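Taking it in order: structure first as structure tokens, then the write-up.
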Amino acid sequence: MYKILPISIYLRVLIRNKKLNILFDNPNLGIWSANIQDDKVICTSKGVEYITGYKKECFNGAQQWASIILNEDMHLFYNNQRKLKSGQNISQQYRIKHKSGKLKWIKDYTIPTFDHLGNIIRLDGIISDITEQKLLEDQLNFLANYDSLTKLPNRKKFIEELEQLIQSYAKSNEHFAVIKLDIDNFKYINDTLGNEIGDELLQKYPNRIKKHLASQDIIARRSGDGFAILIKQIESFDALIEKVKNIYECLKAPFIIKEYKLYVTTSFGISTFPENGFTSSEILRNARLALSIAEKEGKDNFHLLSPSSSHESYKQYCIGRDLKKALEDNEMTLYFQPRICTKTNKIIGAEALIRWNHPVWGIIPPNEFLPLAEENGLITEIDYWVLNVACQQINRWKQKGLRVVPISINISGVQLIKPDWIHKVEKVLHDANIKPSELEMEITEHILLNDSEMVKQSLTKLKALGIKLALDDFGTGYSSLSYLSQYPFDIIKIDRAFIRNMDNSKRELHLIKSIIYMIRGLNLRVVAEGVETMKQLHILQQEQCHEIQGYLFSKPTPAKEFEILLQNNILTPSLPNYKDQF
């Protein structure tokens, strides 16, 4: 019978191999072996000492290692250890207390070895320090869910909380309220006293409101001077009105900021569940309607929406009803926003963006009708329409002899779990007589959370066709760094929320630099969305961001206007005079 050497001793036996020697002596990688029968550590590499701060002699057995694991993570650690008995290799992450007192995140990979009777006789493992990666993920998750100025939940996080509350109240008789608030004439304060005063006001304003909220209630920042409150439980409408009055009155006192005494007024719009809707979109829409009514009535007041006053709900009904007819009647159109090379200012791509010119309601932004399309099952038809129109448009430009660039289209997650989607894409490309390399597809992070295996298979097949894939709005979803290696993306688009404040916030600037460095290190192309200032452009050029997309170079334009941009090829940056509303 031969004896199986532990992984650490095996590496030493092969010491003549330089690469293995370097691996064993790598301070960032801890390699260890332990004899289970007598609970003795056979061998540890230098990396264990570097990562933990303790000399390797301190680890004589399992108890010594367990003693440095954070108490909160012990339960998970021991649960995973039990898996070893069934022959499973385990990969786990937990926190340890470094000798210096600092907490460190550890990635631990352990392999069991058994004797001929099926008893564990040895464990071999590798540990690595992933603290920096965890900190970066925490930063990404924070900025994806919280406002950097006020540290309040952002609109996305607020909607998540709202939807969870709707689910929990669905089969109960409970009521809750959503309040939308706008600081009246906030722009005047910013313009006359400066952003610094305005920012401090935005920080003090919600702190005063919090004193009148219950511990479970939530206040979030939803826009520049807009906030939203979720009152999670209301005993009666009278009690709700009383609470709103208290908030209203507390904001009457002046805000003392530096040498200024600021008197501000606020308009409130209130909607309730279930009276004003059963979905988050309905409740938020009706709170917005109530706020509009309050502002039209002279501002500095509040309006509680009654079920019969929802004109906006009627509009949404019409939009939902007319969606299918809109495709048939050619009411939809595509606009194109160029992507610019940061080195040459050349157009090297463009994103196709859908617009709806409704015969009654006028131009309707996609953020209003696309959620409805997802609810009523029309999103697949809209996606297919966009695919067809974009490919045919590329063909028309080629027929005119124009230099075409890859056009990216946004794809919903529903498509990626449909078995016939890939065949449809192939047919459209063939019918339009365009190359797969002339088309790109963008998906958002939240699509990757569900049906991940099916999504991965679809993306792999699209990539095999020659279509480039982009991860859109990076940082606004779950923001898992594993997406960048698990899925076959070619392009990562950094969400505009990160770009917006990077020239005013050292924290966000550092984060943007880290993201660009990381994406470039993975040999992926990085695109910055929402670029609107020369300062942002210069920072992105300095950090070697590959491409930018934003109003600094061009707003989304109709196909005819985009043809002119293609002919010019090189665009000159110019400060935008306004922001696109959709």
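The values are calculated or read from the model by the stated rules, or taken from the named source; none is laboratory data. Keep in mind that what you see is a predicted model, and the values were worked out from it rather than measured. Methodologically, a virtual Cβ is constructed for each residue, glycine included, from the backbone with ideal geometry; neighbour enumeration extends over all protein chains shown.
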Open item on the list: Could you check the range 510-539 and list, in sequence order, the residues that are within 17 Å of ALA497 (Cβ to Cβ), over 20 Å from the mean Cα position of the chain (by Cα) and hydrophobic (A, V, I, L, M, F, W, C)?
Closed with: ILE539
Task: Entirely in the range 350-434, the helices (runs of 4 or more DSSP H) that have 1 or more residues that are among the aromatic types (Phe, Trp, Tyr) and surrounded by fewer than 18 Cβ atoms within 10 Å (Cβ to Cβ) - done: 379-399
Open item on the list: Residue pairs, Cβ under 8 Å, 6 or more apart or interchain, first in the range 259-277 and not assigned by TED's automatic domain parsing to the domain that holds HIS303, second among the hydroxyl-bearing types (Ser, Thr, Tyr). List them.
Closed with: none
TODO: Residue by residue through the range 103-156, note down the ones that are polar (S, T, N, Q) and closer than 30 Å to ASP38 by Cβ.
DONE: THR110, THR113, ASN119, SER128
- [ ] Give me the pairs, please: first residue somewhere in the range 343-366 and at pLDDT 90 or above, second residue anywhere and among the β-branched types (Val, Ile, Thr) and part of a loop (DSSP other than H, G, I, E, B), beta-carbon distance under 8 Å, and either six or more positions apart or on two chains.
- [x] ASN345/THR572; ILE347/VAL405; ILE348/VAL405; GLY349/VAL405; ALA350/VAL405
- [ ] Could you pull out the residue among ILE247, ILE209, ILE256, ILE241 that is β-branched (Val, Ile, Thr) and part of a strand (DSSP E or B)?
- [x] ILE256
- [ ] Residues being surrounded by fewer than 19 Cβ atoms within 10 Å (Cβ to Cβ) and of a type outside the set (Ser, Thr, Tyr): count how many of those fall in the range 544-564.
- [x] 8
Open item on the list: Can you name every one of the strands (runs of 3 or more DSSP E) wholly within the range 487-582 that holds 1 or more residues which are touching an Asp or Glu at 6+ places or on another chain (Cβ under 8 Å), at pLDDT 95 or above and polar (S, T, N, Q)?
Closed with: 547-549
